[in-house]
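Below is one structure, written out as structure tokens, with a few remarks after it.
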Amino acid sequence: MRRRRYFAIALISFVILVLTGCSSPTINMESDSFWIKFFVRPLSNTLDWFANLLWGEYGLAILAVTIIIRFIILPLTLKQYRSSKKMQELQPELVKIREKYKDDPKKQQEETMKLFQAKGVNPLAGCLPLLVQMPILIALYNAIMGNPEISKHSFLWMQLGTADQFYILPLLAALTTFIQQRQMSAQMTAQMRSLMFIFPVMIFVMSMSFASALPLYWVYSNLFTIGQNYFLYGRSNKEGDTVEKSSGGRKNSR
């Protein structure tokens with residue numbers, strides 16, 4: 001579990017470093033490089049197409065692209081959900097392993113991995129959606145900086161090509177990140193719960209300096225995830241609470 005935590009932190013840190021390195025406004029959209037040709041340019045053209053369809057509003061175009069991206073990675077999200085449920089079911093056995101081999105970390109790790117393999121659980125499954133979205137985030141940022149129509153377009157109070165000077169968008173991005181992680185807290189270990197405060201802060205710091213279109217994508221994506229988590233985790237948690245209360249009631253009646 002600790003390895004999974006460090007992997008998630010390293011992944012987010014890598015995104016920060018890459019996007020910071022991609023902050024140059026001079027992006028040649030006519031380049032024949034693999035990255036521009038197959039990632040950045042198609043994404044830029046897709047945003048243009050949706051903007052033309054949605055009354056010239058690139059803010060709405062980003063919403064449309066966000067929904068498409070989230071539906072594309074939905075199978076990975078469902079896999080993450082099934083994995084987290086299995087991890088939750090394995091917690092009693094994991095506690096036993098930690099207690100049994102508390103003086104032998106190597107043996108503890110070996111027995112934990114054996115349990116994961118026996119139950120078909122991938123402890124890194126929760127990072128897969130983020131891993132898939134990482135090149136999309138970088139390509140989206142490049143598309144924003146390389147597309148003159150997006151960079152000069154305004155949406156609501158923000159200029160999509162520049163950072164939000166009122167810090168409203170960074171706050172929304174951080175808040176929605178915290179809410180969506182809070183929804184999944186029942187499936188997290190104590191170590192993973194500590195990330196509930198680290199990730200929103202990182203998102204806020206990143207959003208302060210990046211063009212507003214990118215944190216706008218994060219806000220849209222987080223809102224999608226919040227609704228998705230309600231149906232995946234929220235209902236199952238309520239059902240679990242109901243079963244637990246009814247079981248407790250039967251025990252008390254006895």
Relative packing of peptides 220-226, 33-39 - highest average C-beta neighbours within 10 Å first: 220-226, 33-39
Pairwise label distance in nanometres, Ile179 with Leu53, each label 7 Å out on the Cα-Cβ vector: 2.6
Ranked Met202, Met113, criterion: other C-beta atoms within 10 Å, fewest first: Met113, Met202
Mean Cβ count within 10 Å, highest first, over the residues of peptides 169-177, 91-99: 169-177, 91-99
13 Å beta-carbon shell around Leu63, net charge (K/R +1, D/E -1): 0
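FYI, it's all coordinate maths here, none of it is from the lab. All figures in this text were calculated on a predicted structure; none of them were measured in a lab. Note that each Cβ is placed from the backbone with ideal geometry, even for glycine, and that neighbours are counted across all protein chains shown.
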